[in-house]
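In what follows, a single structure is set out as structure tokens and then discussed.
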Amino acid sequence: MLSDPHFKTYLELLLKWNKVYNLTAITDPKEVQIKHFEDSLSALPFLPKTGRILDIGTGGGFPGVPLKIARPDLEVVLLDAVRKKITFCEAAIRELGLKGIKAIHGRVEDENQIRQLGLFDVIITRATFSLPEFLTLALPYSSPTTLAIAMKGRDWKVAGFKAEENGWKLKEAFDYELSEDLGSRSLVVFSRIYQEQVSPS
């Protein structure tokens, strides 16, 4: 998958812009490929065949841009509150020639943002928010069939946290290892809880 020439261009852009914009603390090309690209792609098996993906707190475009490269059919929205990161994402999208993906500068909790962006099939974030915060923020963008995916370290479990209190239920937790012994990760998938309306008899 990483043999796609888009990833080479993306790597070069990221390292070039990083000198000025401080997009990532990882500057070794091999580590970028594993800790950013490979890690982002670990979500692929959990994505629907088609649909809209919202990447909250995308930073330098992770995991949204690698997922778009691997799955051109997906419609992807990258959202971040830091202007310089979105500026980079916009440049990367242009340079890579990607279609069906856009980068938006804004806060995920902003009501205007919620109205403008609408609903998504998958809402994903990578180590940006705590689970309770992420699920709360994801709720307004979700439909009954939406999945929320949190890409976390192995210590993702929060004492006393109940996803049901945020309108979600834990569907699956998948542990995986990055190449070259560069880390252990967990991918935590939630589905929506919807109370069916009962018609009066």
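Computed about the Cα centre, the dipole magnitude for the range 5-192 is approximately 380 debye when only Lys and Arg (+1) and Asp and Glu (-1) carry charge, each at its Cβ. May I ask you to list the residues of the range 114-150 whose amide nitrogen lies under 16 Å from a point 7 Å from Cα along the Cα→beta-carbon direction of Glu165? Backbone N within reach: 130-137.
For the range 49-85, backbone nitrogen atoms closer than 11 Å to the point 7 Å from Leu182 Cα along Cα-to-C-beta are found at no residue. If the chain linking Thr9 and Phe46 were pulled fully straight, counting 0.36 nm for each residue of separation and taking away their Cα-Cα distance, it would gain 10.7 nm.
Across the range 58-73, coupling constants 3J(HN,Hα) worked out from phi with the 6.51/-1.76/1.60 Karplus curve, θ = phi - 60°, read 5, x, x, x, 10, x, x, 5, x, 5, 5, 4, 6, 10, x, 6 Hz, and Gly and Pro carry x. Counting every pair of alpha carbons in the range 31-94, the share spaced more than 13 Å apart comes to 61 percent. Comparing Leu23, Gly51, His36 along the charge dipole axis of the range 1-96, the residue lying farthest to the positive side is Leu23, per the Cβ-charge model.
Considering only Cα-Cα distances, which of the following residue pairs are longer than 19 Å: Lys19/Lys85; Lys8/Lys49; Lys85/Lys157; Lys68/Lys171; Lys102/Lys171? Long pairs (Cα-Cα over 19 Å): Lys8/Lys49; Lys85/Lys157; Lys68/Lys171; Lys102/Lys171. Mean projected area of the Cα convex hull of the range 5-192, taken over all directions, amounts to 10.1 nm².
Values quoted throughout were computed directly from the atomic coordinates according to the rules given, and no laboratory measurement underlies them. Quick caveat, the model's predicted, so the values are computed rather than measured. Ideal geometry is used to build each Cβ from the backbone, glycine not excepted, and the neighbour counts take in all protein chains shown.
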